[in-house]
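Structure first, then comments.
The values are calculated or read from the model by the stated rules, or taken from the named source; none is laboratory data. It should be emphasised that the depicted structure is a prediction, and the values quoted were computed from it without experimental measurement. Note that we place each Cβ from the backbone using ideal geometry, even for glycine, and neighbour counts take in every protein chain shown. Quick note on the areas: whole protein, heavy atoms, side chains included, nothing else; ligands and nucleic acids left out. Shrake-Rupley method; radii C 1.70, N 1.55, O 1.52, S 1.80 Å.
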Protein chains: 2
Amino acid sequence: MITPPHPELDLAVSRIIKAPRSTVWQAWTDPSRFEQWWVPAPEVCRVREMDLRPGGSFRTEISQDGIVFGPHITGCFLAVDELERIVFTDALIAGWRPSEASFVSAVITMKEHPDGTEYTATAMHRNVADRDRHEQLGFHDGWGTVTRQLAELVESRAQTS
Amino acid sequence: MITPPHPELDLAVSRIIKAPRSTVWQAWTDPSRFEQWWVPAPEVCRVREMDLRPGGSFRTEISQDGIVFGPHITGCFLAVDELERIVFTDALIAGWRPSEASFVSAVITMKEHPDGTEYTATAMHRNVADRDRHEQLGFHDGWGTVTRQLAELVESRAQTS
């Protein structure tokens, strides 16, 4: 948990991940690896669309039992800067079309760090009410958990490779 | 008026402008020229922010009398491809933050044409109701009028230069 640039509107988590930035980037951009950490276990994630370019569709689904899946993220990417930054939102869907339900834009950054990668995820909201609601819905627990899952996935890979 | 790729959700206007693409591009991206055509005369436009890059703020104001101005567009740019394409939305504001009021994303394209520039503006909506509302609010008259104003501005410039 860190203080984002606009703390009244935004929420952020940050973690030093002990793996090279390229490994973290791959865990984000390869759907088969992404599904392994994007939702808190034991819930299961399925990537429906991950079109990594501005305006490209980003759709994930979530399941309690791995059989019945419901919507999770329905949005689009806004910026994809190799090894450095991924920005997405649920305010727009594929092709930048306005979405039916807008809540958050997220900026993911990956920076070189002496111990590996400094990974930060910032969630931006339209107003204080949405920011506070997101916090009450368990932002820090949820985003913190999946960031830990990401770290565990790539750190075990870094040690065994 | 043309038929957009998703006619049930989108609205579009297109016009052959008898001026080089670079002149049309400049009339779009230079705020002092942009203000001369962006709202139907005799209403007056003022550009508050035009940060032409993905995530950059796009804010215009409108006035009946040139003295008292109210909000017009409050959004951000999503793509800026020199001489070719500008995409913006009011679903997000500066820095890609979700906006308070989301209605439309717009794709402006400029293509080479034997007589000058083929200029197309497509408005994308989240659903049929919003698309129909935009049409009833006078999309074709409004966007058609300002596209004509743009053409008249740059065509007179093309003839006198």
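Any idea how many residues of region A:74-104 are closer than 19 Å to B:ARG131 by Cβ and surrounded by fewer than 19 Cβ atoms within 10 Å (Cβ to Cβ)?
4
If B:HIS140 satisfies all but one of (1) in contact (Cβ under 8 Å) with a residue 60 or more places away in the chain; (2) part of a loop (DSSP other than H, G, I, E, B), what's the number of the condition it fails?
So the condition that B:HIS140 fails would be (2).
Just one of A:PRO5, A:PRO40 is away from chain B (no Cβ under 14 Å) and either at positive phi or surrounded by fewer than 18 Cβ atoms within 10 Å (Cβ to Cβ) (or both); which is it? Please lay out each step first, then the result.
Values: A:PRO5 fails: away from chain B (no Cβ under 14 Å).
Of A:PRO5, A:PRO40, the one residue that is away from chain B (no Cβ under 14 Å) and either at positive phi or surrounded by fewer than 18 Cβ atoms within 10 Å (Cβ to Cβ) (or both) is A:PRO40.
Does A:THR60 meet the test of being at pLDDT 95 or above, more than 19 Å from A:LYS111 (Cα to Cα) and within 14 Å of chain B (Cβ to nearest Cβ)? Write out each step before concluding.
Values: at pLDDT 95 or above: yes; more than 19 Å from A:LYS111 (Cα to Cα): yes; within 14 Å of chain B (Cβ to nearest Cβ): no.
Considered against the rule, which asks whether it is at pLDDT 95 or above, more than 19 Å from A:LYS111 (Cα to Cα) and within 14 Å of chain B (Cβ to nearest Cβ), A:THR60 comes out as no.
For A:ALA129, indicate whether it is among the aliphatic types (A, V, I, L, M), over 17 Å from A:VAL39 (Cα atoms) and part of a helix (DSSP H, G or I). Working first, answer last.
On the way: among the aliphatic types (A, V, I, L, M): yes; over 17 Å from A:VAL39 (Cα atoms): yes; part of a helix (DSSP H, G or I): yes.
For A:ALA129, the condition - among the aliphatic types (A, V, I, L, M), over 17 Å from A:VAL39 (Cα atoms) and part of a helix (DSSP H, G or I) - is met.
Could you please tell me which pairs satisfy a Cβ distance under 9 Å, a separation of 6+ or placement on different chains, a first residue in region A:33-47 that is within 9 Å of A:THR60 (Cα to Cα), and a second residue that is part of a helix (DSSP H, G or I) and among the small types (Gly, Ala, Ser)?
The qualifying pairs are A:VAL47/A:SER32.
Given the residues A:PRO114, A:PRO71, which is the only one that is within 28 Å of B:ASP10 (Cα to Cα), open to solvent by 40 Å² or more (accessible area, probe 1.4 Å) and not hydrophobic (A, V, I, L, M, F, W, C)? Before the answer, list the steps.
Details: A:PRO114 fails: within 28 Å of B:ASP10 (Cα to Cα).
Result: A:PRO71 is the single residue among A:PRO114, A:PRO71 that is within 28 Å of B:ASP10 (Cα to Cα), open to solvent by 40 Å² or more (accessible area, probe 1.4 Å) and not hydrophobic (A, V, I, L, M, F, W, C).
Does B:ALA158 qualify as being away from chain A (no Cβ under 14 Å) and modelled with pLDDT under 95?
yes
Which condition number in (1) over 13 Å from the mean Cα position of the chain (by Cα); (2) crowded, with 17+ Cβ neighbours inside 10 Å; (3) of a type outside the set (Lys, Arg) is the one that B:TRP28 fails?
So the condition that B:TRP28 fails would be (1).
Can you name the condition, by its number, that A:PRO40 falls short on among (1) farther than 25 Å from B:PRO54 by Cα; (2) not in a loop (DSSP other than H, G, I, E, B)?
Of (1) farther than 25 Å from B:PRO54 by Cα; (2) not in a loop (DSSP other than H, G, I, E, B), only one is false for A:PRO40: (2).
Just give me the residues in region B:43-68 being open to solvent by less than 60 Å² (accessible area, probe 1.4 Å), under 19 Å from B:GLU100 (Cα atoms) and of a type in the set (Asp, Glu), in sequence order.
Of everything in region B:43-68, just one residue is open to solvent by less than 60 Å² (accessible area, probe 1.4 Å), under 19 Å from B:GLU100 (Cα atoms) and of a type in the set (Asp, Glu), namely B:GLU61.
Might you check whether a residue that is buried (at least 18 other Cβ atoms within 10 Å of the Cβ), out of contact with any helix residue (DSSP H, G or I) (no Cβ under 8 Å at 6 or more places or on another chain) and more than 16 Å from A:ALA19 (Cβ to Cβ) occurs anywhere in region A:149-157?
Within region A:149-157, none of the residues are buried (at least 18 other Cβ atoms within 10 Å of the Cβ), out of contact with any helix residue (DSSP H, G or I) (no Cβ under 8 Å at 6 or more places or on another chain) and more than 16 Å from A:ALA19 (Cβ to Cβ).
Which residue is nearest to the other protein chains (Cβ to nearest Cβ), if the candidates are limited to region A:82-131 and must be among the aliphatic types (A, V, I, L, M) and in contact (Cβ under 8 Å) with a residue 60 or more places away in the chain? If you could, list the steps in order and put the result at the bottom.
Taking region A:82-131 and keeping what is among the aliphatic types (A, V, I, L, M), we get A:83, A:86-87, A:91-94, A:101, A:104, A:106-108, A:110, A:121, A:123-124, A:128-129.
Of the ones still in play, those that are also in contact (Cβ under 8 Å) with a residue 60 or more places away in the chain are A:83, A:108, A:110, A:121, A:123-124, A:128.
Values: A:LEU83: 18, A:ILE108: 12, A:MET110: 18, A:ALA121: 14, A:ALA123: 10, A:MET124: 5, A:VAL128: 12 Å.
Going through the qualifying residues, I end up with A:MET124.
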